[in-house]
Structures are given as structure tokens and as C-alpha cells.
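Contents: one structure, followed by commentary.
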Amino acid sequence: MKKTLLICFCVLGFSVNAQSFTDKNLQQSVLQINTAKTASDYEALFKKFSESKTTERWQAFYYAGVSEYLKTEILLKKGANSSLVLSNALAEKYTRGALGPQFNNDEVEILLGLIHLQKVALNASTNVQKDVNAASDYISKLENTSSNNPRLSILKARMAQYANNKGEAESLYQKASKELGEAVSSNATPNWGDQLIQSK
């Protein structure tokens, strides 16, 4: 009986240790989002997040969505093609997966708004007005709770670009840049988004 208990405690100890190791790896991979430069960098991060065995499953899904979204953005700048439609859909799938357990998560909803506008930019939307309205609805919903969120400012800037209001878009990108600087200096997470300002 004592041997059985000892074996059970050893197995449990190893599994807890392995789990915390993957949680640490998840956090290290989150930091890599800001240093990734190429589509293959983001693809590698997507693979890490999507295959992650972490206790924070919603966070792994969120960052898998972020990675796939940013990869699609890089490739979109080089010219849209049909494979980007699948990348956009994959980003949305993982981001919606994060929304399940974190139903009222502002960051997840901002990312969904960005994904809707990306779908429009890819000419992949089956209903452009519906996707634009979805992004607009996220903005309206989050303005009170996330008014100083740099990614919300980026979403608003993308919406202004869609409406062909270049002056407002530039002002919002500048606001987002300032907010990102403040977030990085305070070690706030998530702190991705500078990639979108640089590539505007």
C-alpha cells in the first residue's frame, strides 16, 4: 500500500512539474511575439501555442490566434492570395476558442474585431457589411472598459482606414504607439501591436 502511494505521489509530482514547465514555455513564447519578424517566425509561434499543454488553455488559444493573425498581416502586405483566407479563418477559430472560457475578455474581442477587418481586406468576406459592423460593435462595446488599450486604438485606426479617413487613422496609430510604449514600460501583457503600426 505504501509503495502504491509513493508511486502515485511521484507520478503526480512529475506531471505537475511538466505542466509548470509548459506554462513557463508559454510565457516565454508570448514574449517572442514582439521579436518575430517573418511569417515563418509567426508560424512557429502558432505551432507552439496551438500544441501547448498548459493550464491556461484560453491564453494559448488567444496567442495562437494572434500569431496567425500577424502572420496573415505580413503576407497580406506582400499580396493577398487564397491561402491567406485559410490563415484568417484559423486565426478566428483559435480566437473564438479563447472566448469560450473567457467570455468577457476585451483583448479577445479586440482581436476578433481586427480579424473581421482583415477578412474584408482579403476580399474573403461573404458579407462585408456584417464584418465591418462586427468590428464596429466591438469598438462600441469596449470603448468604456478599454479606452487606453493600444490594440483598441489600432482597431479604431483600421476602421478609420476602411472608411478612408487617413487623418483620423494616423492620429489613432500615434495614440496606439504612445499606449504601447506605456504598456511595455509597465510590463503589461499582452503588449503586442507595434507590428501593426509599423506596417500600416
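The values are calculated or read from the model by the stated rules, or taken from the named source; none is laboratory data. From a predicted model like this one, the values you see are computed outputs, not experimental measurements. With ligands, DNA and RNA removed, areas are computed over all heavy atoms of the protein, side chains included. Shrake-Rupley method; radii C 1.70, N 1.55, O 1.52, S 1.80 Å.
Can you send over the carbon and sulfur percentage of the accessible area for the stretch 12-168, probe radius 1.4 Å, protein chains only?
54 percent
Quick one: accessible area per residue over the stretch 58-200, 1.4 Å probe, rounded to a whole number of Å²?
Averaged over the residues of the stretch 58-200, the accessible area is 47 Å².
Name the aspartates and glutamates eligible as straight-distance cross-link partners of Lys93: C-alpha to C-alpha under 18 Å, and not fewer than 8 places from it in the same chain.
Those aspartates and glutamates meeting the cut-off are Glu43, Glu51, Glu56, Glu68, Glu73, Asp106, Glu107, Glu109, Asp131.
Going from most exposed to least, what order do Tyr94, Tyr173, Tyr162 have by accessible area with a 1.4 Å probe?
My answer, sorted largest first, is Tyr162, Tyr94, Tyr173.
Which pairs in the list Lys48/Lys78; Lys71/Lys156; Lys24/Lys119 are over 29 Å apart, alpha-carbon to alpha-carbon?
From the list (Lys48/Lys78; Lys71/Lys156; Lys24/Lys119), the Cα-Cα distance tops 29 Å for Lys24/Lys119.
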